Amino acid sequence: MAKSYLIDMDGVIVRGNELVPGADAFLQRLHDRQIKFLILTNNPQYTPADLKYRLGRIGVNITTEHIYTSAIATAQFLKTQQAEGTAFVVGEVGLTEALHSVGYVLTDQSPDFVVLGETTTYSYGRITQAVRLIREGARFIATNPDTTGPGEGGIVPACGAIAALIESATGVKPYFVGKPNPLMMRAALRYLEEHSENAIMVGDRMDTDVRVGIESGLETVLVLSGVTGSVEEVKRYPYRPTRVVPSVADLELE
């Protein structure tokens, strides 16, 4: 049986707004061989439809069913914890739509959870509200622990950095759902109806992609087209990927 693929998006399929050379051909090979795959992203800002459109504009033709975000994983996790809950959200439409899809109500009046995601317009007022609600007893969830992300002109603060600010003000640690939490991988595997023994994680980061793959029992492939740019960088970590390739264009399918 052909192995299924869980594929990180940024640094593997795209770099910023540009396609990684050969990534479109790699995905086409998966299609042609009818191999199951999901494109994963820790970025919860966008809906699957938004990401499908973004990828389509640069030549990647996939369906929304091939996209799985930390927002979706977060919403599904909350549903398992409290089926009909309420949340105060600091984030964008990708996160709010995911929460609505599982029946959550968004409110700033005594919510069950404060849910932090990514946004390019962090509001001091909403962060202050989040701090106060958490101090009043709301449980603190964050979509991902990434402290920085790519932006125009360089890196920008990401969810993990804002979570640290809120944690410092409240004394409450958030529960991070996205990579490297194996929870997101198990949710993605259930979505694919696949087992970890028959799946491969492909990513560009040792600290999230490779780590979560190893901890979830998957074979791991590190590509050097994103955050990790050389084999020398791999030696800094106490764990190793199963394989290292320059990019997905060089990846032989199993």
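The values are calculated or read from the model by the stated rules, or taken from the named source; none is laboratory data. Small disclaimer: the values here were computed from a predicted structure and weren't measured. Using ideal geometry, Cβ is built from the backbone for each residue, glycine included, and neighbour counts are taken over all protein chains shown.
The residue that is farthest from the chain's Cα centre (by Cα), among those in segment 52-76 that are part of a helix (DSSP H, G or I) and crowded, with 22+ Cβ neighbours inside 10 Å, is L55.
Being in a loop (DSSP other than H, G, I, E, B) and not charged (D, E, K, R) is a property that does not hold for Q28.
Tally up the residues in segment 172-212 that are small (G, A, S), free of Cβ contacts under 8 Å to residues at least 60 places away in the same chain and closer than 22 Å to S247 by Cβ, please. Matching residues across segment 172-212 total 0.
Candidates are the residues of segment 111-129 that are in contact with a strand residue (DSSP E or B) (Cβ under 8 Å, 6 or more places away or on another chain) and among the β-branched types (V, I, T); the one that is farthest from T69 (Cα to Cα) is I127.
The set of residues from segment 167-206 being of a type in the set (D, E, K, R) and either closer than 23 Å to V115 by Cβ or not assigned by TED's automatic domain parsing to the domain that holds R236 (or both) comprises E167, K173, K179, R186, R190.
Number of residues in segment 1-25 that are in a loop (DSSP other than H, G, I, E, B) and more than 17 Å from T69 (Cβ to Cβ) equals 8. Across segment 130-146, the number of residues qualifying as in contact with a strand residue (DSSP E or B) (Cβ under 7 Å, 6 or more places away or on another chain) and farther than 15 Å from Q45 by Cα comes to 7. Tell me whether segment 146-156 contains one or more residues that are under 20 Å from L78 (Cα atoms), without any contact (Cβ under 8 Å) to a residue 60 or more places away in the chain and not in a loop (DSSP other than H, G, I, E, B). Within segment 146-156, not a single residue is under 20 Å from L78 (Cα atoms), without any contact (Cβ under 8 Å) to a residue 60 or more places away in the chain and not in a loop (DSSP other than H, G, I, E, B). Comparison of F77, F37, F26 shows that the only residue that is outside the structural domain of S225 (by TED's automatic domain parsing) and aromatic (F, W, Y) is F77.
For segment 94-113, enumerate the residues that are in a helix (DSSP H, G or I) and free of Cβ contacts under 8 Å to residues at least 24 places away in the same chain. Listed by number, the residues that qualify are T96, H100. Going by the structure shown, is H31 surrounded by fewer than 19 Cβ atoms within 10 Å (Cβ to Cβ), within 26 Å of E254 (Cβ to Cβ) and outside the structural domain of G160 (by TED's automatic domain parsing)? The answer is yes for H31.
Just one of the numbered conditions (1) at pLDDT 95 or above; (2) out of contact with any helix residue (DSSP H, G or I) (no Cβ under 8 Å at 6 or more places or on another chain) is not true of S247: (2).
Given T220, T242, which one is of a type outside the set (D, E, K, R), closer than 19 Å to K3 by Cα, in the same structural domain as E18 (by TED's automatic domain parsing) and surrounded by fewer than 15 Cβ atoms within 10 Å (Cβ to Cβ)? Just a single option satisfies the conditions, and that option is T242.
Please go through segment 38-61 and pick out each residue that is within 22 Å of S4 (Cβ to Cβ), touching a Leu at 6+ places or on another chain (Cβ under 8 Å) and touching a residue at least 60 places away in the same chain (Cβ under 8 Å). Correct list: L38, L40. Inside segment 32-51, can you point out the residues that are within 16 Å of the chain's Cα centre (by Cα) and within 21 Å of P21 (Cβ to Cβ)? Selection gives F37, I39, L40, T41, L51.
Working only within segment 3-23, note down all residues that are under 28 Å from L183 (Cα atoms) and out of contact with any helix residue (DSSP H, G or I) (no Cβ under 8 Å at 6 or more places or on another chain). Within segment 3-23, D10, G11, R15, G16 meet the criteria. Could you tell me whether T69 is in contact with a helix residue (DSSP H, G or I) (Cβ under 9 Å, 6 or more places away or on another chain) and touching a residue at least 24 places away in the same chain (Cβ under 8 Å)? Answer is yes for this residue.
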